[in-house]
Amino acid sequence: MKKSYQRSLLHNPTSLFGIVLAAIGFIAGFALIVIDAQNHFDNPYTGIFTYMVVPAILIGGLLLILAGVLLERRRRQRGGSDINRLPVINLNEKRQFASFLIVVVVTLLFIAISVVGSYRAFHFTESVEFCGKTCHSVMKPEYTAFQNSPHANAGCTGCHIGPGADFYAKSKLNGLYQVYSTIFNKYNRPIPAPVHNLRPAKETCYTCHWPEKFFGAVEFKRTYFRADEENTPWTIQMLMKVGGGDSTHGRTQGIHWHMAVENKIEYIATDEKRLEIPWVRMTDADGKQSIYQTNNKDSQLTPEQVANAEIRTMDCIDCHNRPTHQFHSPERALNEALASGQLNPDMPEIKLNGIEALTGEYETEGEGLKAIQEMLAEAYPDGGPEVEKAIAAVQRIYSQNIFPEMKVSWEAYPDHIGHLITPGCFRCHNGDHQNEQGQTISRDCDSCHTIIAQGPGRNVTSINTGGLPFKHPEDIDEEWKDSRCDDCHAGVPVM
């Protein structure tokens, strides 16, 4: 008697559609991975399509195949069909052997492509292009600043995630919320700095920098230009006392004393950006503690407030809080452009005109660039190559540091290094913090740097390695000794 033929469970619309979908995903994924292997994708959206969209199509197709089989099996069971017996595979039959071989080859190929694809997907989501270009309008300020930073050759994830699976998983979960925020326009403008969720510096920064190897001094020279008709230069040259952080190189001193292995510095900040620090505790190598509180009665913390506050142990990021995403003020950016020759200091009032052009109220970047071109063209009606060069230089400064759509500028992210236009070092070193013995945290300039030359001009030839007292370019008498620099300086010249 002839056996009745029973159709495969795959013979249903859902599974057939899944087969087509999986085949498209498989073929497209294989082709795109080969192309990427030969010529890596620069466009992040191509990478997203290759390693996220295409795998989703493939997996979706496979799930539809499985769902169709289960639904078809249930339908036949309800109809009384006998489908419980597993089919017998006879490899001695050429047809069954060929089918079995095809299944094995396709399965192995699928596994190989999945392994390669997963590996490439991991590296793609860790890439600078993925972090900086995917949400272009949102991440444009950070990505632009990154490209012009000292860490431009370092990957984003090296600092923001670091090694290990735990922070990788956390970052990807956080990334899902970021995708939601971008799609539904829920993100802040400007994006808040990740002050409270960065990994400790010892797990990231220390892979390249470690204080135990810092010692001695580093020469620092900067030329400032006044916003007058002659763009009058003033140069200051100093030795920054960066070391040392390790007693094996001598007495621990200088800036990285704060990070010396023998010391432990803790503090309490009362604001989100850690600009207000009323309480500091120092523990020395012998375990002796000294607590310094501000003399400002309105800012002093009670024992109950200290007990309930977040006490942070100082590390690199407490001073180097903008190591990469730096947005320079117009004052600093124009000074650097004049000192480097991008702007000609002989152009009358170019510093003043540049400041006015950069600090205008603009709604978009395009509007700002156009206004800069018009303002400088009007200020120098004779035109010429020097004026065109100046316009290009000021526009470049604007496009690298000011992003009106995201409300980003030098004012949005205070930089704690130094103390010229932000409190910086003076958050603690203001002569106001005092312990029970009456000792204060010093605001002595020589604690961190020694001025060896200063004066008018772009080059100061008279060097005094013994140190010089600071001389303010403007005659403000002794006022600079009793106030903070940022009380007057705000990123633009004091007019």
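The values are calculated or read from the model by the stated rules, or taken from the named source; none is laboratory data. All of these numbers come straight from a predicted model, not from anything done at the bench. All Cβ positions, even for glycine, are placed from backbone atoms using ideal geometry, and neighbour counts span all protein chains on display.
Things to note:
- Candidate set: region 294-328, residues that are more than 21 Å from Pro423 (Cβ to Cβ) and among the hydrophobic types (A, V, I, L, M, F, W, C); chosen: the one surrounded by the most Cβ atoms within 10 Å (Cβ to Cβ): Val306
- Residues of region 295-319 that are in contact (Cβ under 8 Å) with a residue 60 or more places away in the chain and within 25 Å of His209 (Cβ to Cβ): Asp315, Cys316, Ile317, Asp318, Cys319.
- Among the residues here, Pro456 qualifies as more than 33 Å from the chain's Cα centre (by Cα) and under 30 Å from Met240 (Cα atoms).
- For region 192-209, the criterion of a residue being at pLDDT below 75, surrounded by 11 or more Cβ atoms within 10 Å (Cβ to Cβ) and under 17 Å from His320 (Cα atoms) is satisfied by no position.
- Hey, Glu142 within 11 Å of the chain's Cα centre (by Cα) and either acidic (Asp, Glu) or modelled with pLDDT under 80 (or both) or not: yes
- Selection count where residues are over 19 Å from Gly61 (Cα atoms), in contact (Cβ under 8 Å) with a residue 12 or more places away in the chain and of a type outside the set (Gly, Ala, Ser), scope region 101-138: 13
- Residue within region 218-236 that is outside any strand (DSSP E or B), out of contact with any Pro (no Cβ under 9 Å at 6 or more places or on another chain), modelled with pLDDT under 90 and not assigned by TED's automatic domain parsing to the domain that holds His160 present: no
- Search result, residues across region 168-213 that are out of contact with any Ser or Thr (no Cβ under 9 Å at 6 or more places or on another chain) and among the acidic types (Asp, Glu): Glu203
- Tally of residues being in a strand (DSSP E or B), over 25 Å from Ala217 (Cα atoms) and not aromatic (Phe, Trp, Tyr) across region 267-282: 3
- Counting the residues of region 477-491 that are at pLDDT below 85 and aliphatic (A, V, I, L, M) gives 0.
- Helices (runs of 4 or more DSSP H) within region 99-181 that include 1 or more residues among the charged types (D, E, K, R): 128-133, 136-147
- Hey, Tyr292 part of a loop (DSSP other than H, G, I, E, B) and either touching a residue at least 40 places away in the same chain (Cβ under 8 Å) or within 31 Å of the chain's Cα centre (by Cα) (or both) or not: no
- With respect to (1) within 27 Å of Lys172 (Cβ to Cβ); (2) at pLDDT 75 or above; (3) part of a loop (DSSP other than H, G, I, E, B), the lone exception for His11 is condition (1).
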